[in-house]
Each structure stands twice: as C-alpha cells, then as structure tokens.
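Notes follow once the structure below has been shown.
Every read-out reported here was derived from the displayed coordinates using simple, explicitly stated rules and does not represent laboratory data. What you see is a predicted model; the values in this text were computed from it and never measured. For neighbour counting, all protein chains shown are included, and Cβ atoms are generated from backbone atoms with ideal geometry for every residue, glycine included.
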C-alpha cells in the first residue's frame, strides 16, 4: 500500500491546514504574476523551512516547463512533496479558493472603472513593484549557483535573449535547455 510522502521538520509532520494557510497567504500577498513566486519562496524556504533553496529552484525550473501558471505548479509540487496528494489539494485550494472569489469580484469592479486615470496610475505602480519583487527573487534563486560559472552564463544568456533579444520564453527555454543539461552533465563528470 502506497503511503503519502510526509516531510518532517523539527519532528512534526506539516499539517494540511498549514499548507492551506501558507498558500492562501502566498495568493493574497502576491502582487501581480511574479509576486506569488516571491511569497512562495519566502514562506516555504525562509519562514517555514519546509524546502531548501535548492529544492525550490528545482521546483521552479520544473514549473517553467509545465503548462499553466508557475505558481500553481509550485503549490502542486510543494504540497505533494510535503504531504502527497492531500498536501497538493490543500496547497492548491489555499491558493485558489478565497483569492479567486476576491480577485473575480475586484476584477469585475475595476473593469467598470478602468478608464479612470487614478486607477491606471495605481495599477502602473503595482506592476512596477511586482517587477522589482520578481527580479529580487530571481537574484536570490541564483545565489546558490554563484560559484558555478556555467550557471551564471546560462542565467545571463536567458536574461539577455529575453530582455535584449526580445525572444519568446519558450524559444529561450527550449534553446538553452539541451545546452545547460549537457554542461551540467559535464560538470558532474568532472567533479567525480
């Protein structure tokens, strides 16, 4: 009989309620699309210490290739890692349930007044702050790899191809993926 994977931290199994509440916070505190990533990392890695920095980076890397929003994939992977299928349901429900109702209600209300300059200024300021949070999280995710020249080169290439070269995300991901896997394999062989 298959048993659900359970992660222990300080001798305690992570409760389903804690997963629900944490991803509810991620959803409510996240500003813009990248804000959820910032809060998921902060709560899961720094505050709760449920997963390590490396595990979080691996989860985000995997979610880049999965269809749908990355943050939903992060909730699925984190919940599954900590408590199996039940953990997945708790994390996703926490992320989606209440915030969806709030977001839907606010979206309908704001769309009716989207033409107002004050509202446009507020949304413009929020998007700038969200971009800053996303950049800061990206830098923090890169810190464990700062001693690996290849990792820094691939990070720089990905940034340059998207920001300067204006190439689509999927093209950059699938173009750099085989190269980065090959280089990581060579590094691993040399380390032996």
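Panel order for 120, 41, by other beta carbons found within 10 Å of each beta carbon, from fewest to most: 120, 41. For the listed peptides 78-91, 45-58, a ranking on the average number of other beta carbons within 10 Å per residue, highest first, reads 78-91, 45-58. Taking label points 7 Å from Cα along the Cα-to-Cβ direction, residue 64 and residue 126 give a separation of 2.8 nm. With q set to 0.12 Å⁻¹, the log10 of I(q)/I(0) for the chain, from the Debye formula over equal scatterers at the Cα positions, is -0.71. Helix-only arithmetic for the chain: the sum of -39500 (n - 2.57) across DSSP H runs with n ≥ 4, divided by the residue total, places the mean residue ellipticity at 222 nm at -25000 deg cm²/dmol.
Scoring 163-172, 133-142 by mean Cβ neighbours within 10 Å over their residues and listing the highest first yields 133-142, 163-172.
Label zone of residue 53 (point 7 Å out along Cα→Cβ, amide N under 18 Å): in the stretch 61-75 this covers 61. Placing pseudo-labels 7 Å out from each Cα toward the beta carbon at residue 98 and residue 187 gives an inter-label distance of 4.0 nm.
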